[in-house]
1. Determine the share of region 151-205's accessible area contributed by carbon and sulfur atoms, expressed in whole percent, with a 1.4 angstrom probe.
2. State whether region 46-96 is rounded, prolate or oblate according to the following rule on the C-alpha gyration tensor (a ≥ b ≥ c being the square roots of its eigenvalues): a/c under 1.5 gives rounded; otherwise a/b larger than b/c gives prolate, and the remaining case gives oblate.
3. Out of region 150-223, which trypsin sites (Lys or Arg not before Pro) are coil in DSSP terms and have no more than 14 other C-beta atoms within 10 Å?
4. So which aspartates and glutamates pass the test for residue 320, namely a Cα distance under 13 Å, with those fewer than 8 places away in the same chain ruled out?
5. Whenever you get a sec, line up 195, 277 from highest to lowest accessible area (probe 1.4 Å, protein heavy atoms).
6. Using 0.36 nm per residue of separation minus the Cα-Cα distance, give me the extension gain between residue 240 and residue 282 in nm, one decimal.
7. Rounded, prolate or oblate, given the Cα gyration tensor of region 148-219, with a/c below 1.5 counting as rounded?
8. Quick check on the chain: helices-only [θ] at 222 nm, where DSSP H runs of length 4 and up contribute -39,500 (n - 2.57) each and the sum goes over total residues. Nearest 500, please.
Amino acid sequence: MTEVSAGVLHTLFHSDQGGHEQVVLCQDRASGLKAVIAIHSTALGPALGGTRFYPYASEEEAVADALNLARGMSYKNAMAGLDHGGGKAVIIGDPQRDKTEELLLAYGRMVASLGGRYVTACDVGTYVADMDVVHRECRWTTGRSPENGGAGDSSVLTAFGVYQGMRASAQHLWGDPSLRGRTVGIAGVGKVGHHLVEHLRAEGAEIVITDVRAEAVRRISEAHPKVTVAPDTDALIRIEGLDIYAPCALGGALDDDTVPVLTARIVCGAANNQLAHPGVEKDLADRHILYAPDYVVNAGGVIQVADELHGFDFERCKAKAAKIYDTTLTIFARAKEDGIPPAAAADRIAEQRMHEATAKRGR
């Protein structure tokens with residue numbers, strides 16, 4: 001991590017960082033904070049994206065993840081129809097061991113020093129209570145508790161949006177949006193995954209789950225005894241008769257090892273950056289596996305935190321998240337029309353919106 005004084009931001013610009021506008025390396029020695037804030041685009045408005053707290057193996061890995069996640073947020077916000085660009089922050093460390101109030105306050109000061117170019121929220125390893133602390137130093141913080149003027153847990157609407165994406169995928173592939181009797185495999189039943197289980201069980205779907213955390217599996221098993229548990233993700237994706245695979249943990253779930261053995265006809269999940277590298281979307285299409293682009297179907301959470309900036313209304317947000325069904329169908333139709341995979345179609349639509357916003361601003 002670049003050595004900088006406490007509370008100072010060191011801004012780096014790179015020609016090879018994928019078109020990102022700004023990358024900020026943050027360090028506060030007093031609290032132990034080491035973080036990366038990546039702003040991919042502000043074409044549509046202030047960059048909006050969560051804060052990930054994760055024990056990265058190296059600083060280079062943390063920077064790479066921040067860049068990928070920030071870019072994904074630009075596309076996600078564009079496809080969700082939000083007036084926000086894309087950004088993301090990662091804090092390097094073990095949230096169970098390293099997260100302190102002092103560190104979160106220092107992080108809040110870092111975000112605040114950007115003057116509103118980046119608006120933060122929760123992500124893996126951060127929670128509503130954390131955003132309440134960050135907000136004490138930074139007014140550009142969403143995902144706060146209702147007691148502190150926020151909307152609370154955004155995973156509720158994230159799961160609802162993924163559920164709508166599944167329904168749209170079923171409609172496109174099978175001509176019926178109903179998931180009753182369909183077998184859905186969910187890898188990761190944490191903040192979003194366990195809400196997704198609730199939606200699917202209510203509709204009558206058969207569910208198989210797996211998670212590296214025994215406690216997460218136990219909670220689902222106790223609430224829903226009929227849910228089947230797979231020993232790991234590798235076993236889950238090979239299950240015969242699996243209709244839908246829902247990656248709901250960390251990214252890179254679809255790679256050169258998983259795609260060839262995947263039995264599901266549809267992939268639709270909450271995880272960000274599910275495609276491990278360019279070309280995987282074509283591999284899925286070649287195997288006639290319908291892929292619902294992750295940043296489209298998991299946009300319910302960002303719809304919620306964006307609404308929080310203007311006075312949160314849950315029903316208004318839920319109505320916006322329900323439109324993920326229509327957006328997903330639009331992407332599938334565009335993919336068929338252009339003869340390209342759905343991921344490429346979604347990119348084209350998002351890029352067109354960002355390009356039009358940039359051109360309009362330039363007039």
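1. Whole-percent figure for carbon plus sulfur exposure: 44.
2. prolate
3. Those that pass, being in a loop and sparsely packed, are 180, 213.
4. 307
5. 277, 195
6. The residue 240-residue 282 span can extend by a further 12.9 nm.
7. The shape class here is oblate.
8. Helices in the chain give a 222 nm mean residue ellipticity of -13000 deg cm²/dmol.
The values are calculated or read from the model by the stated rules, or taken from the named source; none is laboratory data. Just so it is clear, the structure is predicted and the values come from calculations on it, not from any experiment. Backbone-built Cβ (ideal geometry, glycine too); neighbour counts: all protein chains shown. Side chains included, ligands, DNA and RNA excluded: accessible areas come from the protein's heavy atoms. Shrake-Rupley method; radii C 1.70, N 1.55, O 1.52, S 1.80 Å.
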